Structures are given as C-alpha cells and as structure tokens.
4 protein chains.
Amino acid sequence: MEGRSISMLGTGLIADFYTMTLHGQRGRDRVGVVYSRSSERGEAFAQRWDIPRSTTSMEEAINDPSTDVVVVALPNFLHEEVITMIADAGKAVLCTKPLARSGEEAKRILDKVEAAGIFAGYLEDLCYTPKTLKAIDAVKGGSIGDVTWVRSRETHPGPHSAWFWDKEKAGGGAIVDLGCHCIEIIRNFVGKGNRPLEVMAWADTLVHPIEAEDNAVALIRFESGALGQFEVSWSFRGGMDLRDEVAGTEGTIWMNHFLRTGYEMYTSGGGDGYVAEKLESTEGWLFPVGDEVSELGYVDMFTDMFNAMENDTPPMETFYDGYVVNAIMDAAYRSAESRQWEPVDVDWRGGETPRIAKDIARHDGHAIVKEEMLPDGRRKLMLSDKDTGAVFDLVTDG
Amino acid sequence: MEGRSISMLGTGLIADFYTMTLHGQRGRDRVGVVYSRSSERGEAFAQRWDIPRSTTSMEEAINDPSTDVVVVALPNFLHEEVITMIADAGKAVLCTKPLARSGEEAKRILDKVEAAGIFAGYLEDLCYTPKTLKAIDAVKGGSIGDVTWVRSRETHPGPHSAWFWDKEKAGGGAIVDLGCHCIEIIRNFVGKGNRPLEVMAWADTLVHPIEAEDNAVALIRFESGALGQFEVSWSFRGGMDLRDEVAGTEGTIWMNHFLRTGYEMYTSGGGDGYVAEKLESTEGWLFPVGDEVSELGYVDMFTDMFNAMENDTPPMETFYDGYVVNAIMDAAYRSAESRQWEPVDVDWRGGETPRIAKDIARHDGHAIVKEEMLPDGRRKLMLSDKDTGAVFDLVTDG
Amino acid sequence: MEGRSISMLGTGLIADFYTMTLHGQRGRDRVGVVYSRSSERGEAFAQRWDIPRSTTSMEEAINDPSTDVVVVALPNFLHEEVITMIADAGKAVLCTKPLARSGEEAKRILDKVEAAGIFAGYLEDLCYTPKTLKAIDAVKGGSIGDVTWVRSRETHPGPHSAWFWDKEKAGGGAIVDLGCHCIEIIRNFVGKGNRPLEVMAWADTLVHPIEAEDNAVALIRFESGALGQFEVSWSFRGGMDLRDEVAGTEGTIWMNHFLRTGYEMYTSGGGDGYVAEKLESTEGWLFPVGDEVSELGYVDMFTDMFNAMENDTPPMETFYDGYVVNAIMDAAYRSAESRQWEPVDVDWRGGETPRIAKDIARHDGHAIVKEEMLPDGRRKLMLSDKDTGAVFDLVTDG
Amino acid sequence: MEGRSISMLGTGLIADFYTMTLHGQRGRDRVGVVYSRSSERGEAFAQRWDIPRSTTSMEEAINDPSTDVVVVALPNFLHEEVITMIADAGKAVLCTKPLARSGEEAKRILDKVEAAGIFAGYLEDLCYTPKTLKAIDAVKGGSIGDVTWVRSRETHPGPHSAWFWDKEKAGGGAIVDLGCHCIEIIRNFVGKGNRPLEVMAWADTLVHPIEAEDNAVALIRFESGALGQFEVSWSFRGGMDLRDEVAGTEGTIWMNHFLRTGYEMYTSGGGDGYVAEKLESTEGWLFPVGDEVSELGYVDMFTDMFNAMENDTPPMETFYDGYVVNAIMDAAYRSAESRQWEPVDVDWRGGETPRIAKDIARHDGHAIVKEEMLPDGRRKLMLSDKDTGAVFDLVTDG
C-alpha cells in the first residue's frame, strides 16, 4: 500500500487536472515538488494543491531524492530535452500527450528511455475514460464482432495557451493537439497489433488567424481493412465535443464523453462558479459532466500507471504507443500536402492482423447476401450467383 | 496520508460494491476483516477482495484491534443490534441505507451512537453521485433559484436476496428499499433545513406474489412550499432507472444516472461478461454506465466519510439524516393506509425555511403575471388587477 | 375525395395552429370563414391564412351555408354557449380542450350534442402525436404487457393570454389548462374502458401572482389497479416540457415530444426567426422540434376527425372523453381541498376492467418471486413459502 | 384546391412509401394508375392502396389521359429509358434517387427533360425532413454563421432487393444507394451555389459477398473552403442510423432522424407488428420514429413538388441537383481508385461563393487568436504577432 511521490513539471491547465486527480478522493500518491519557470506560478500552484515544495530549477525538481516519478506537463517543444534529463536521472517518467512534435523526435525519446531502462508511461487520458475502458473490454470480448470502422471526434473552440497555437512550438495545430487522442482511441478499438498502413487527411485554417490548421479530418487504413476516422477542430461552437463511435460486424458502440452524459441544466443565469471545461456560456441549457477527472480518464490512467510500475508490467499506454501516434500524425500532415494516401512510416512491433471476416452463409451453393423474413412468414433471400456474381432474389418457404 | 482499516460486516451485493470502491483505484483505505454468518461466503469474499482475515464472529470483526471503522452492510433487521455492539466498542460506524425499519428504531440507533460519542456516517450513496454533488452545488449557488419541485425515481425489476422481499425483515417493500434513496436526494435539493411537513402516498402490490408493496408513489410537502415526489418500483422493465429532476424558479436540472449516460451499445449477442447492475439482457441495445462505483456515488461517499472522520466534522450524510428518512417513510406508509396526507413525526433539528419567493414585477400597480415580446416588437403584459385580481392583457409600446 | 369547409371560431394561438395544420401540406379541407369579436383580428387572421371571409357575428360564422364543420377555438367559458348554438344549427362541431370548466358543464354540453345528433369531436391533440399513436398501438398489441403506471408531464412558463390565468374564465389554473391533456393521454394508455375510480391531488400557487394553481401533481387510480400520474406547471424553466412514460408488466415506453426529439442547435445568437413554441431563448443550446403541428398531433387529429365524419364512426376522441376528463379534474380539485382521495363522479359507459395480472411461476408449490442466473450457471430462486408467505432464497442446479 | 392524378411506376418499398404519403392524412392528390412488370404485384399494390387501375404496360401507365404526373420508383438502370418516354409524352416527372448511375447518364436525362420542357422533380426525401428544412432555414438565417463542415451519415444493414446489390444495375454499391442522400443534404447546408471542387473517398467491401462497396467514407471540398463528409454502410448493426451534423463559425446543429428521436421502448418480446424500417429486432430496447413518412421527409417533399408545379416554380430539388449528385459520386468512385483527390466534373450553373469568413478582432494591431476571461476578472488574450505570426499570451485588466 505504498504511495508514490511525484515531481510535477509544469503548472498549466493539464498540471491542474493531473494534480486534482492525484490529490482527489482517498489516493495514496502525492505531488511532492512542483516546477515552474515562474516562481510566482509555482508557488501559487503549490499552495492551491497543498504541495510541500516548488522550484524554478528543473534539475532540482527531477532529482529531488524523495521523488519516485516525474510527470511531464510541459509544452510539446520541451518534451525531448526534459525526458532526456529524467532518463539520465533514472527516474520513472510519465509524459503528457502528444509524446513529441514528430515521429522522428518521438523515436529519439523512445530510444532514450529504453536505453535508460526506466519506467515510461504515456499519459493518454482519453483512452482511459471509464466508458472507453469498458467498451474496449466489450470489443475484446467479441460483443461487436470484428471492428470495421472507428470514428473519434474531438473539437472545441480552441486551447487556452499561446504555445498551442504556435505551429513551431506545438509541432502543428489541431491535429497535434487533438488528433493524438483520437488516433490512440482508434488504435485501442481496432487492436494495437493492427498495423496502421496509410493515412489520408484534409486540413485547413478556416477561422483563426494562425498558420497551423484549425480544422482537420483524417482517414487511417489498418491492416485488417478497418478504417479509422478522426475529426478535430478548434472552431467548434457549443462546448467541448468528445464522441467516439465503433462499428463492428456484430454490433455498434456510441460514446459521448462530454456534452450529453445525463446531466442537463437550464439556468436563467443566476448563480456562479465553474461548471465544466470549455463551456461557452453560463446560462441557458448547459451539459456538465459529473466528475470531470473521472469521466475524462485521469483517475483510471494514473491507477494503471502506478499499478504497472508496482507490478513491473507495461502500462496500457506506453511511449511506443506515443511514437506510433506521432508517426500516424506525420503521415496525416504529409497527406494534407500531397493530397493522396501516405504510408505510415513506423518501426512496427505489433505483428500481423488478418482481414475482417464474417462467415458467408450459402443456399444451393450461392452466397447469401441478405436474408429477410416477409410478413407472410416466407424467407426472402438475396443471393450472389456462384458463377456470375449477379445478385438475385429468391423467396422460399423454408 | 494515513489510511483507514475497515471491518466489513456482510458479504452481499452491497458489501461487494463497498469493497470494490475501497480497494479500487489508488485508495489508501483497506478492508482488514470481513464478517459473514457463513464461513464459506466469508472466505470467498476475503479471497475475492484480497482481505487478510474473515470471521463468523461479529464480536471479533467489530473488536479487531486493527479496525478503525466498521461498515454495516447487513439486512435492515440486524442494524439496531449490530450498531449497538459497535457503539459499545467505541468504533466509528458507517451504516448502509436505510438506517432502520422505522423512525422509532432509527431514533433508538441515533440516540445510542450519540450517547457513545462515536463517528457515525449514513451510507446514502445516491446523494453522492458526481452529478448529484455538482447539481446540489449549483442549486446552493443559486443557479436555478428557489426549488419548487423535485422528482426522484428509482425503479428496477426487484432486488437480489430474499430478505428484501420479506416485509418483516426489511421493514416494508419498494418504499424502504428504494424510496429511502429518493427521499434523501429530495432533501438535499430542497435543503436539509427545509422541514418535511406531511406525506401523501400510494402503494400497491401489482405484480409480484409478495405482501409488501412492489410499486409506490409519494408526495412530500416541505415548509418552503416545495414538493418532493418519489416513484419506486420493483416491476420496471428495461434495466435500472435512476433519474432525478429538479425545478426551480430560475432553472431546471435533469439527471440520468443509469440508462442514458452517454454509452450505448448494440450487440447481436456475441461476447460475454458483466455489463452493469440489473441489466435485463445481454443483446440488442444496451446502456451500461462507465465506472459504476463512481457513477453511483460510492467513491465520493467514502471520501466524504473518511475525510469527515479525519477533520472531525460531520459527513454530508449523518445518522440524523437516516432517521429523518425513516420518519418520512413511516408517514408514507401511514398515508397509504389512511388515504390522506399524514404529518411527518420527527424530532426536528433543522430550523425554519421561508416560503418560495419570486419578486413580483408591477405595471401601474398591477402585478405582472407574464410578459411577452410580440413579433412587431411591442410588449404584451398579462396583468392581475390590483383591486379585483382579474387578469387582463395589455399591449404596450415600451 | 371531398374536402370540408370549416368555420373557425377564434383567432388566438390555438386557432393559428389549427389553421396552419388544415392549410398545410396538400390538404383538401379549408377554412372558409373565421369569427373574431374584433374585426381587426379577424381580418388579419383571414389574410394570414388566405381565408375568404371573416365576421364578427358568431351566428353568421356558424350558419354560413358553405360550412360543414365548426371549430371552437375559444376560451373555456364560452364553450357551452357556442356549442349550443352549433347544435341548434345542426352542424358538426370540433371543440378545443378542455371541453368545459367542470364535469357538470361538460355533461350539459354532451347531452346537448347527443340530443341534436350532430358529429362532435374533442380536439385533444396530444393524444394524436405520431409517437403516442404508435405507442398506443404497441400497448394494445401487447408489447409491454398490462399497464401498471403512466406518467404524463406537461409544463411550461405559462400561457399567452390573460383569460387562461383567470380562475373564473378558465375554470381553474394549470390543471385545467395542461392536466386535461395528461389525463386523456393516461386514459389512452391504461385503456379507455378502465374506469378512473379516484384521484389524489396536490395543487399550489408557488410563483405567479394569481389565484389559480400554477403547479399541481395528481394521482389517478384506475379499476385495473394501474396508476396515472400527472404533473403540470406554469413555472417550468427551459421551454415546454412534454414527456410521457408508460410502465407495463412486460415493457416500458418513454416519449419526449418537445425538448429532446433529435434536433439540437447551438447558436451564439446571430440569425433570427421563430424556432418553436414557448422557447425561452434564442441563443445557446436550443431544442426545436421538426414539424411542430405534426409532432404535436394536430395533423393526425384532424385526419381522424374528418375521416370519422365521412365514415360515420366516432373519432378517437369524443365529447364523452372530454366529459370524463372534466370529471377527473373535478375530483382533483376536490382532493386538493379535502387533502384525501376523492372519487371520480362520472356517468360511466366504459364497462369493467380486470385487475393487472402476471402469471406466477411456481417451484415445489412456492411462488417464484424472482429468478436469477448466477455467474456459475446455477439458478437462484427467491421463493414465497406457500404456507407462511416468508420469502427465502434457493440455489438450484436445474 | 385541385389535386393531382399520379401514375406510379414500380411497386417496391419506395413505391409503398410514396403512396402511403400521397394517400395518407387528408391529401388531395391520388395515385390513379400503378405499373408493375408483374400483374400479380401490380394488382396487390393497387388493392393495398385503393388505386383504380394497374397495368403491366409502361406506355399505358405513362400515357393514361387522367395522369398529370408520373412518379419513377424503379431501379436505377431503368431511369433513363423511362424518363425519356415520359418526356416524350410531355408529362411531369418525379424521379426517385439517385437520378442515374453516372454523371454522364444523369446529364443525358437532364438534357432530355429540359428539351421537352416538362416539370421534373428529384425525389430526394432526406433533404425534406422537417428537421432538415428547419435547420436549412436556420443556417440561411445566419444562426450558425458560415458553414465550415457538414457530416451526413446513412447506414443500415443493407437494402431489401437484389438489384441494389448488383453493381451493374445500381451503378455502384453503398455510395450510390446512400451517399446520394448525404451529398444533397451536405449541399443544402453549405449552399447549393457553393461549387463542389473535388472529392477524396475510401470504399471497401468488408462484410458482404458482393462486388460493390459495402462501406465508404468520402470528403468533399467546396469552393468556400467548407468540407462535406459522408459515411455510408450496408453493414451497420442496430437499425438504420441517419444523422447529420453541421458546424459553423457561430454555431452547431445535430440532427438524428431515426434511432434517437424521443421515442424509446423496452419490450420483453410480446406483441407484434411493424415498428419501423430496418429495425433489427422486436425485443429489448427499440427506438421507433413517430410518423415515418413525415420524419423521413416524404410529406414535405411531395408538398413542395406539387406546389412548385402549380406555382410554375422549380422545386427545392431539381434534376439538375440530381445530376450534380451523380457527378460528385463519380468523383468519389474515381478517387477510391486513384487514391487521391479527384476533381468534380460538372457543368456548373451555381455561381461563385466567397471563402468562409470570420472577422478578426485586433489588439494593438495583433490579431486576437482567442480571448478568455480569467477567474479574477482579467482578460487573457492569445495574440498573433503582427510581424512574426508567433502567438503569445497577454493578460490585461480591461
């Protein structure tokens, strides 16, 4: 029942969410040190979350002797440098998403932590939402047959800090900010061993005065034939829209993580206070979630990370996964430029996956395309002629 | 960051939910001993949840020196006897709902723990669902004005153990099993200091071959004028229906805790495994919740209980609340018999609550009943004549 | 394929809805004359709906030789007088809801039209919504078994004309305005031959400066044992809430007629124009219906009325139904005063209805209260002892 | 108030829906003649819908002197031949979707009817659903600003007749069957004058033993920069999924036309009868629509067609629209082959559309990327440097 002592690097919104999770409920893990470039922000953060120590020295934060685990909650362009320092210190590292700004950068990070032999977890919270975990279990258990298509959508009116909007610092726009979530959600549903072969993407800057894309849609083709589809936007109006859909040969799953989760409130505008992340209004019909850090996956994510650390097993989301995500995003950006399908360039460790399969029933040797019951009790068969492939109707009594 | 060591009394469904919560995620509290009448069930439970010790002796379970807190997860008819033992042992006690089988019994229990000076928490999980906690905050913050009406509905196809169905052992039927949740949800929304004055109830045994009621609806009138309304049933088809609605002078809240929470799955019937409590089917359209123990309030409930214990403050749900609930249920049963409103007989500690208020706007001294904007931009006023009370329309330019 | 020529009495909101329906789509029936007290309003209405003639003479409107059918879209307090004139003229009459201000008044109206032998239809639109019609069919077809409970809820922020708010002119408040819909919806689901025995009601004036009730809840007990429950309010915030729920021994039906029908729009507030009846806002999240007159039942209602006229059969909703509704509302008002269940005083034509029934399965002679499958494949039976009635668990292999 | 007399060509499912609509409610238009290859099917259809005459002669059906309007409800491969006959006969024609099997074929049809000068309407019902019509109005009225993205999804388990599954007869697979709906829905939202420039499509045969695609996703880029996205499938499980989503610079619209429209029913399986098109089951949770022909747009579609004919104006959906749809589908098929964006080859009549625009607010000359209110009341601006384009945060008091 030992708890973990954590150094938190960063004091932005995501560091708040992480610490709210770690210090929430009756957890046994605590943040012991917080690092910020700004001593003012560091101290405010430490006070807000009852953290014993804040520092403006990255080295100190990482090397604090009481620290077991370092959490990287910093802008993308700092990940490689910081993780290198952590690897050198031999501490366990948990890094926020995306892992890096490109597949190449991600690969260097991956190589570094593997060489150092440290525990490394990829903080992809949206793969850990309770609904997603349960849905992944259902899919693995066969409830919807072979997965044919996954849609993951993440859109909102745009992020809260300047660096996100800066193509150079972030490594891109809405794809890098939001698409990384979608891609990993998709991979969990089609199966992590299902190789992403190629990507076709559209990206455009439709609304905001920025260089990076503020809207994008991409298709990912996997080895099994399954199609992943993600939609990201920084110009969505109405709050934060997080929805996933999974189609299989035997079933369907729809998940709504934010705007329609069974809590609906109309208010004429009195009252006050925080309702939920990225709400656009505080009056009219509002759709908060219940426990935001639980619904968004933070609780189950850290549980998995620390349990994995204790059990000496890999967590559900590893740095290798983060690297694959970056490789897929790279292909998306190439495709948005080349305007054609682009192969995913990745050092694949996942094995092979067979083609989506559904048993074909037959009637007199012809494949049954579809079978329906008529109102009078007879069966109507749509059959594919075994010789010509032409499809014809057959009504039969039995 | 000290954790608590718990003795769990009982091994039924509710004990499973409690222990799943306590041992779930990265909690620091643990069950150290489990008690069951049956050594077989006790040992299976201990093994299932990795609990060091099981016993068939209630005394041993309560008096185990390592135990801080005793959780009563036993049938209603055992509560008084067991809580008396715990009070005598001077241990903190957390008791499942309902507190007792009657207001009288609840009052004796309350008096006992107050005399013993022990910490006593009432395990009313559904007041602690994350949605409910957030909604109570919104109501307290004024988001929906004065509460005028609360509907709480809890229905399912019936409980899982014989004693629930036995009027004598349970103290009643669906009202005692489910209405206790609804009443306390209602009280949290109208305000716990808002005195429940009287109850009107209908109860009937429509479907099952039992003596207790399997369906009931009750109305509770509070001092402010607000109306509470609960609907309970052991014959609902389609799963477990947990919904609450709150109306106020300035807003509305709708909560769905189970069947429509943003996770929807269609399956042709393949796959297997537990989906959610009290589902009726494993194929077709299913509506699981994400993290059941979080969504149903268990996580926040235990956090509040243990934090209250540590901070030496009362928890949100006390034994006094449990007693008030029993007193209201007593009035409901009396009303179902007498077929008229029955007063709530309770030793009231809650103070007084003023009548629901909404400022009345006036026009030329007449009260404005309603005001509408016409398509041509003029205002239409419906006015109550200050002398006669007759209501008349007035269309005005300004 | 003959169309009908209609005299429309009244030019308020409901007359607009009626005429929009009759003149909408490709209908063959037309309004030929409109009556209003005010020639200005009459002419505006005639122009708005392309009606050949408007008049301020009720006699002329009724006796116009081209008129087949007279539609009464006037305030409640005028119904008896006007319907008497129509009966004397021997024209078919369709009267808006409620039929009258009391059961007594309704009975005089009923007697009058029956004596005159004219066709008389009760314009209870909400029983004719396409969802309701389909659901009534499903219930009659046995899809949900015997009906045990019906909830009908109709609430909004209050009506648009002064007379509604005037207890004398309307015959009451929210019960008379909205409860009449709910009662007839309930009757259609429990079965029109299922006698309403007694009513228990709460009514209060919580928010508006009026004498009539602005909020009420009532329970109606039917001969079969089924319970009807209606909730009405003139102080609901968030739009117009029209929902019905039906529970049966074999199923459940939930219907939402307005705020959640699959059309959701967020707008930052640009644009303009009518969105739907009784919306409170034109920005934020809005929930319009598609085709309002279809969704609210007007289309199917007039189709039934005119088809019944042509086929010489009674319509689904007759003046007798209107009279029963008034009798039930009378009992509700008496109960709100007497604070106990009040019998429904009605000249009953509906026959008798047996008690709700569900076959009781047995095991060794004991009634099976509930049966569950355990994870290990064994069956768990909760049995009611055939001699004592005590309920006990039995786990069995087969 | 003249009605129309119609010749119905075809007796399949779609002919049933059309006639159900025309003969439903109190319509003044009637089918006078029905044509079928099979006299048995023709006579059954005539009897089912009370049609005076059936014939196996296409010529007779078209040239019947009483016939005003000929409705083509035949398989795709017959459209050109039949419409040519109708044009030669000089009768008005209404043709089911898709207009043709290719843009080329569609163009010949278009040229033919334009040369003949007959009225020609394209029966694209899903653009006429009441929700869609209201949403198009809202978009045109500016409620959601400039449209940036439209998703239209139409999926079900597959069509009911053999010819649909036959690539040659149908002209393709799920794209031709379902994508034609989606494309025209998308065009109505981005604006019909907004030129479709190019298409990127994925198509695959994942589940069924056929040559045509049973799953496809396509992206359509319009001149304004808006992106259309459609998803079609013949292997969806759970019923028929018809959903549309529209994103704009100032708002969002979500429409669900089938599985979640406010009517939810759980049934243990008793009862019987038709519930809705393409439901997969008759027990468990079911989600029927209310009035299917109204909800799916048939009612408003025929109203528009006949009113347009009478007013001598073009209907909302013309043969030119049908031709554009075919041209877009051609590009989709080319893209699925070439694996890159393919231009839409169309004889464009729609004019030009400016780029999506949103006014850029400025602060000290820097473009404001985003603006947020901090909890302490200060404003946080994310600004794009006017010289470098780098984005930086600025916190300001005013």
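The values are calculated or read from the model by the stated rules, or taken from the named source; none is laboratory data. No experiment lies behind these values; they were computed from the predicted model shown. Cβ coordinates were reconstructed from backbone atoms using ideal geometry, including for glycine residues, and neighbour counts include every protein chain displayed. Keep in mind that these areas ignore ligands, DNA and RNA; they rest on the heavy atoms of the full protein, side chains included. Shrake-Rupley method; radii C 1.70, N 1.55, O 1.52, S 1.80 Å.
What to note about this one:
- Within the range A:345-369, being away from chain D (no Cβ under 12 Å), surrounded by 14 or more Cβ atoms within 10 Å (Cβ to Cβ) and among the small types (Gly, Ala, Ser) holds for one residue alone: A:Gly350.
- The single residue among B:Lys97, B:Lys107 that is surrounded by fewer than 21 Cβ atoms within 10 Å (Cβ to Cβ) and of a type in the set (Lys, Arg) turns out to be B:Lys107.
- The set of residues in the range D:189-213 that are crowded, with 23+ Cβ neighbours inside 10 Å and acidic (Asp, Glu) contains only D:Glu213.
- The set of residues in the range D:1-38 that are acidic (Asp, Glu) and part of a loop (DSSP other than H, G, I, E, B) comprises D:Glu2, D:Asp29.
- Filtered residues of the range B:214-236 (kept if over 19 Å from C:Glu245 (Cβ atoms), touching a Phe, Trp or Tyr at 6+ places or on another chain (Cβ under 9 Å) and open to solvent by less than 10 Å² (accessible area, probe 1.4 Å)): B:Ile220, B:Ala226
- Selection status of C:Leu381, in a strand (DSSP E or B), in contact with an Asp or Glu (Cβ under 8 Å, 6 or more places away or on another chain) and more than 8 Å from every other protein chain (Cβ to nearest Cβ): yes
- Matching residues, the range C:154-172, being open to solvent by less than 10 Å² (accessible area, probe 1.4 Å) and not polar (S, T, N, Q): C:His156, C:Gly158, C:Pro159, C:Ala162, C:Trp165, C:Ala170, C:Gly172
- Meets criteria (among the aliphatic types (A, V, I, L, M) and either part of a strand (DSSP E or B) or closer than 19 Å to C:Tyr298 by Cα (or both)) for C:Ile83: no
- The range B:200-230, residues that are within 15 Å of C:Gly225 (Cβ to Cβ) and of a type in the set (Phe, Trp, Tyr): B:Trp202
- Within the range B:274-291, one or more residues are farther than 28 Å from B:Arg26 by Cα, open to solvent by 20 Å² or more (accessible area, probe 1.4 Å) and of a type in the set (Gly, Ala, Ser).
- D:Val70 being of a type outside the set (Lys, Arg), under 15 Å from D:Cys95 (Cα atoms) and crowded, with 19+ Cβ neighbours inside 10 Å: yes
- Here the range B:74-90 is the region considered, the condition is being open to solvent by 10 Å² or more (accessible area, probe 1.4 Å) and touching a residue at least 40 places away in the same chain (Cβ under 8 Å), and the residue that is farthest from B:Tyr18 (Cα to Cα) is B:Phe77.
- Sole residue being among the aliphatic types (A, V, I, L, M), under 20 Å from B:Val232 (Cα atoms) and out of contact with any Gly (no Cβ under 7 Å at 6 or more places or on another chain), chosen from C:Ala247, C:Ala203: C:Ala247
- Annotation note: of A:Tyr333, A:Tyr323, the sole residue that is touching a residue at least 24 places away in the same chain (Cβ under 8 Å), open to solvent by 40 Å² or more (accessible area, probe 1.4 Å), assigned to a helix (DSSP H, G or I) and touching a Gly at 6+ places or on another chain (Cβ under 8 Å) is A:Tyr333.
- Of the listed requirements (1) in contact with a strand residue (DSSP E or B) (Cβ under 7 Å, 6 or more places away or on another chain); (2) of a type in the set (Asp, Glu); (3) modelled with pLDDT of 90 or more, B:Glu372 misses just one: (3).
- Scanning the range A:324-342 for residues that are of a type in the set (Lys, Arg) and away from chain D (no Cβ under 11 Å) turns up just one, A:Arg334.
- Flag if B:Glu124 is away from chain A (no Cβ under 14 Å), of a type in the set (Asp, Glu), crowded, with 19+ Cβ neighbours inside 10 Å and touching a Cys at 6+ places or on another chain (Cβ under 7 Å): no
- If you go through the range C:1-26 and keep only what is more than 10 Å from every other protein chain (Cβ to nearest Cβ), open to solvent by 20 Å² or more (accessible area, probe 1.4 Å) and among the polar types (S, T, N, Q), you end up with C:Ser5, C:Thr11.
- Residues located in the range B:237-253, provided they are assigned to a strand (DSSP E or B) and surrounded by fewer than 23 Cβ atoms within 10 Å (Cβ to Cβ): B:Arg243, B:Glu245
- Against the test of being more than 13 Å from chain D (Cβ to nearest Cβ), farther than 30 Å from A:Ala92 by Cα and hydroxyl-bearing (Ser, Thr, Tyr), the options A:Thr313, A:Thr396 yield a single qualifying residue, A:Thr396.
- Lone unmet requirement of (1) among the acidic types (Asp, Glu); (2) without any contact (Cβ under 8 Å) to a residue 24 or more places away in the chain; (3) farther than 30 Å from C:Pro343 by Cα for B:Glu317: (2)
- Per the listing C:Glu342, C:Glu295, the residue uniquely open to solvent by 10 Å² or more (accessible area, probe 1.4 Å), at pLDDT 95 or above, over 30 Å from C:Phe17 (Cβ atoms) and not aliphatic (A, V, I, L, M) is C:Glu342.
- Checked against the criterion of being surrounded by 19 or more Cβ atoms within 10 Å (Cβ to Cβ), part of a loop (DSSP other than H, G, I, E, B) and without any contact (Cβ under 8 Å) to a residue 40 or more places away in the chain, the range A:39-53 contains not a single residue that satisfies it.
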